[in-house]
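Comments concern the structure below.
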Protein chains: 2
Amino acid sequence: MSAYEQLMAFSHTTEALGQVAGRLGWDQEAIMPEGAAPQRAEEMAAMESVLHARRTDPKVGNWLAEIDPAQLDEVGRAQLRHIEKSFERTSKVPADLAAEIAKVTSRAQGIWAQARSDEDVAAFLPTLKEVVSLKRQEGQALAAGGDVYDAMIDDYEPEMTAAEIAAMFDAMRPRLVALRAAVLAAEAPAKLSGTFASDKQMALTAKLAKSFGYDFDHGRIDCVTHPFCSGSGLDVRITTRTSESDPFNCFYSTIHEVGHAAYEQGIHRDYLLTPIGHGVSMGVHESQSRIYENQLGRGRAYTGWLYEQMKAEFGDFGIADAEAFYGTVNRVNDGYIRTEADEVQYNLHIMLRFDLERALMQGDLAVDDLEAAWNDRFAADFGYAVDKPSNGVLQDVHWSVGLFGYFPTYSLGNVYAGCLNEALRRAVPDLDAQLAQGDTSAATGWLRENLQQHGGLREPAATIAHATGAAPSGEPLLAYLEEKFGDIYKL
Amino acid sequence: MSAYEQLMAFSHTTEALGQVAGRLGWDQEAIMPEGAAPQRAEEMAAMESVLHARRTDPKVGNWLAEIDPAQLDEVGRAQLRHIEKSFERTSKVPADLAAEIAKVTSRAQGIWAQARSDEDVAAFLPTLKEVVSLKRQEGQALAAGGDVYDAMIDDYEPEMTAAEIAAMFDAMRPRLVALRAAVLAAEAPAKLSGTFASDKQMALTAKLAKSFGYDFDHGRIDCVTHPFCSGSGLDVRITTRTSESDPFNCFYSTIHEVGHAAYEQGIHRDYLLTPIGHGVSMGVHESQSRIYENQLGRGRAYTGWLYEQMKAEFGDFGIADAEAFYGTVNRVNDGYIRTEADEVQYNLHIMLRFDLERALMQGDLAVDDLEAAWNDRFAADFGYAVDKPSNGVLQDVHWSVGLFGYFPTYSLGNVYAGCLNEALRRAVPDLDAQLAQGDTSAATGWLRENLQQHGGLREPAATIAHATGAAPSGEPLLAYLEEKFGDIYKL
């Protein structure tokens with residue numbers, strides 16, 4: 001066997017073990033008996049130690065040194081790029097620093113949850129300082145003289161820089177602030193009210209998943225507290241949740257996770273259990289969940305079909321017609337919480353976090369000043385004051401577990417979804433006629449053909465450019481939002 | 001760290017990975033989406049390769065050589081014994097032979113299933129010859145000059161020999177044949193008839209599991225085709241099945257698996273994720289499932305309580321009273337199939353297989369003569385001829401997957417259960433009064449205290465002797481069966 005073949009055989013086993021570890025995480029969140037938690041922690045640690053040993057195995061370094069990328073085809077070079085990156089990254093971070101980060105962030109999550117419940121920022125700050133300090137050390141090790149925050153972003157969105165993101169976000173922010181203000185000053189569509197039985201929600205949510213092409217022969221849906229998607233290739237499981245007063249939460253959580261799952265289920269089978277057999281980045285992943293959820297699922301055409309499905313399942317639920325229902329689905333509400341935010345406000349939440357965590361990582365903002373900075377920025381963009389820490393700086397788990405550089409990928413996903421939607425509409429001009437029948441196959445087929453099947457073959461920006469014919473830009477998303485909400489709110 | 005501490009730390013990770021591999025198997029049987037099978041095979045193979053590498057790691061041999069067992073306490077010596085045995089066993093079998101066995105048995109299972117479905121013994125024989133030949137080679141490697149079949153039994157029932165088992169079985173067989181003949185000549189209790197809704201069966205089966213102390217905080221029940229129990233320690237999951245015409249199948253499958261689970265859930269928490277943190281052998285494991293299912297669950301006292309539960313769940317189902325119900329639960333039926341056999345006939349099935357596979361392994365029976373030998377023996381013990389291969393030599397999967405030495409542990413389990421039941425009744429004289437209320441806690445408490453909590457601390461026979469005060473013997477089981485069925489059938 002050539003060095004490349006040996007490396008790929010070794011990588012195949014590592015990928016399979018990675019799937020096992022992922023499914024263990026799914027089991028833990030979805031169906032594990034509660035008392036199993038301490039043993040599960042040991043099992044996860046054992047899997048992690050095996051995976052870490054394989055990712056840093058000196059044999060990998062030797063094979064990498066031996067292989068001449070020029071002798072490989074495009075797929076081979078892409079595989080090599082992913083393996084090399086993972087190997088170098090893991091080798092750059094000292095083992096004792098990695099262990100210390102794992103230990104501190106594991107503890108920090110509980111401290112954060114307690115502080116949030118107690119509305120006590122001060123109780124969280126000493127721990128957050130530790131996390132920030134350790135993550136900055138890690139960033140310095142990874143950056144090797146370059147920008148610390150860029151090195152962190154690279155983990156989630158390869159080859160993207162903070163400066164590029166900042167340029168994009170800074171251009172979008174004033175228009176989003178203006179759109180938000182105009183929408184909230186206008187007359188709002190009716191709110192949904194009433195009670196919607198959980199079992200009926202689950203029956204309909206399975207129908208919606210199927211309408212978006214979710215492949216139940218290679219996946220399943222379970223109920224959890226915080227919905228997610230897990231796995232690659234032939235076993236991609238999604239989760240959802242139900243609230244009897246808010247069926248949209250169930251339906252759009254499902255459609256969102258189906259978007260993630262469609263990406264993983266749609267990758268070319270030749271790439272199964274290889275480094276390019278996964279979604280290429282958090283941002284591109286989020287572009288799939290977001291375009292399924294928003295541009296397709298919350299559009300006038302699909303909500304027209306959904307309106308009929310809901311009437312069939314729940315009877316009359318007090319919304320007069322499909323047009324009114326379209327407004328109800330897309331109603332913009334005041335609020336503090338990112339995860340509850342609508343299409344108009346969501347990105348403002350992200351931009352706030354991006355600017356703050358960038359300043360933290362670059363040493364321009366002290367942890368002690370974080371709450372004040374958050375509250376000032378929130379007031380500036382949203383027009384009212386944060387009323388309590390759980391609605392402000394303590395609302396998200398991310399920083400407690402050391403996820404710096406992750407937040408911007410949510411908005412990158414929205415930006416990419418805007419670009420893809422524009423290209424898709426161009427390619428399939430009569431798309432809405434199909435969506436109005438609950439038929440998403442032209443849309444999901446286009447996305448699979450042009451994006452999903454390629455997995456990690458190209459870097460994120462190139463992945464979007466390959467599908468759309470143009471470099472990512474915030475402009476299509478802004479145009480889409482201004483048109484959609486201008487129409488609904490008669491601006 | 002001492003060599004022993006290093007060995008135990010290494011073993012801890014191996015044990016945790018073993019639990020992960022086991023849960024992957026549970027997932028596959030219980031809830032995996034069907035199309036995931038090819039990927040799952042890769043994942044299982046990856047886990048196996050990791051586990052095999054750890055079990056044969058030269059570091060283990062070095063630590064073993066360095067440790068002086070005399071310096072260890074009883075627990076330490078038991079841990080060492082298990083690790084040493086596994087290491088030596090894996091090291092004795094040449095890697096290419098092990099790989100060949102894995103390959104051939106994996107293929108053989110499909111060929112057996114097809115042959116059984118086609119009622120075509122000849123189609124299975126060439127493959128069975130391969131399996132027998134490879135397993136004999138493996139047995140020779142393990143036996144190192146000793147008895148080949150003994151070496152195989154040792155995998156499932158350490159320190160038990162074929163000669164000991166044969167002496168026990170040969171003494172039991174005539175009395176079982178006689179009991180069977182007498183029972184089938186007498187008037188039989190009423191058969192259960194009617195339809196019993198699956199969801200009501202599942203509701204009641206959960207109640208039965210709880211009545212036997214199954215800990216749902218460290219386990220769960222799911223439905224499968226072939227019920228089993230999976231996992232050790234804090235995550236021990238059981239499975240059951242429903243048939244609307246046969247609720248006893250569901251209820252007694254559940255109680256049987258609860259017996260297995262009680263053993264694993266009941267082992268001392270100090271032994272968690274160590275080599276002695278599992279049931280010590282197949283036979284001792286089966287003793288727990290069998291005493292729960294039969295001596296306790298099918299006794300007059302507990303079935304009296306179960307009768308009331310079934311009436312509450314299903315209404316009148318045509319059995320007049322608790323006494324008649326006790327007969328119905330224990331009705332002995334003619335039949336060919338081991339897995340459907342009752343307490344009277346089950347062990348005759350096992351003895352048949354034991355004698356045949358022992359002769360195969362010792363070279364005293366040719367694979368070509370196996371079917372004739374089976375049919376002759378069946379006619380002798382059961383009094384009528386096998387009508388088709390799927391009711392005869394092709395009925396069980398075991399031989400196709402190379403499980404030789406496994407069958408006798410089913411009857412050893414029954415024998416051990418007989419011994420334990422005798423000791424338990426002595427220790428808790430008013431047990432039936434409690435069982436009649438559906439309260440099994442005195443019985444399950446005694447088993448946990450005297451057997452389950454010790455896990456792999458002692459070898460199987462010593463485990464039984466520790467609990468009962470005497471070496472295992474077939475006599476208590478025979479006395480129990482003759483009394484119970486003599487009473488029900490008025491012999």
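One table, with the values for the structure above:
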| item | result |
| --- | --- |
| Unit charges on C-beta of K, R, D, E only; dipole of chain A, Debye | 300 debye |
| Rounded to 5, the percent of DSSP beta bridges in the protein assembly as shown classed as antiparallel | 40 percent |
| Alpha carbon convex hull of region B:165-311, volume per residue in cubic angstrom | 141 Å³ |
| Residue (of B:Q28, B:Q79, B:A122) at the positive-pole extreme of region B:3-156, dipole from beta-carbon charges | B:A122 |
| Calculated label separations, A:E48, copies of the chain, 7 Å along the beta-carbon direction, nm | 2.9 |
| Other-copy label distances relative to A:R269, 7 angstrom Cα-Cβ extension, nm | 4.8 |
| Of A:Q434, A:S287, B:N294, farthest towards positive along the dipole that unit charges on Lys, Arg, Asp, Glu beta carbons give the protein assembly as shown | A:Q434 |
| Sequence of B:F228, B:F169 once ranked by neighbouring C-beta atoms within 10 Å, starting from the fewest | B:F228, B:F169 |
| Cα-Cα over 20 Å, subset of B:K200/B:K484; A:K59/B:K103; B:K59/B:K92; A:K191/A:K484; B:K210/B:K311; A:K200/A:K311 | B:K200/B:K484; A:K59/B:K103 |
| Prolate/oblate/rounded call for region A:3-156, Cα gyration tensor, a/c under 1.5 rounded | oblate |
| Estimated dipole of the protein assembly as shown in Debye, rounded to 20 [Cβ of Lys and Arg +1, of Asp and Glu -1, Cα centre] | 340 debye |
| For the protein assembly as shown: rounded, prolate or oblate by the Cα gyration tensor [a/c cutoff 1.5] | prolate |
| Shortest-first nm distances, A:A372 label point to equivalent points in other copies (7 Å, Cα→Cβ) | 9.8 |
| Contact order normalised by residue count of region B:379-479, Cα under 8 Å, 6+ apart, percent | 32 percent |
| In nm, spacing of pseudo-spin labels at A:A45 and A:E483 (7 Å Cα→C-beta vector) | 5.5 nm |
| Inter-label distance for A:T195 and A:A181, nm, one decimal - labels placed 7 Å from Cα along Cα-to-Cβ | 4.3 nm |
| Total formal charge among the other residues, if their Cβ is under 14 angstrom from that of B:A113, Lys/Arg +1 and Asp/Glu -1 | -2 |
| Relative contact order (percent, whole number), region B:160-491, Cα cutoff 8 Å, 6+ residue spacing | 24 percent |
| Separation of alpha-carbon centers, region A:124-198 and region B:287-328, rounded to whole Å | 62 Å |
| Distance between modelled label sites at A:A203 and B:C223, nm, 7 Å Cα→Cβ extension | 1.7 nm |
| Ellipsoid semi-axes in whole angstrom, largest first, where each is sqrt(5λ) of the Cα gyration tensor of region A:158-491 | 29, 26, 20 |
| Shape call, region B:229-384: gyration tensor on alpha carbons, a/c limit 1.5 | oblate |
| Neighbour-count order for B:D432, B:D155, B:D316, fewest beta carbons within 10 angstrom listed first | B:D316, B:D432, B:D155 |
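Read-outs throughout are calculated quantities, based only on the coordinates presented, and are distinct from any laboratory measurement. Just so it is clear, the model here is predicted, and its values are computed rather than measured. With ideal geometry, Cβ positions are generated from the backbone for all residues, glycine too; neighbour counts draw on all protein chains shown.
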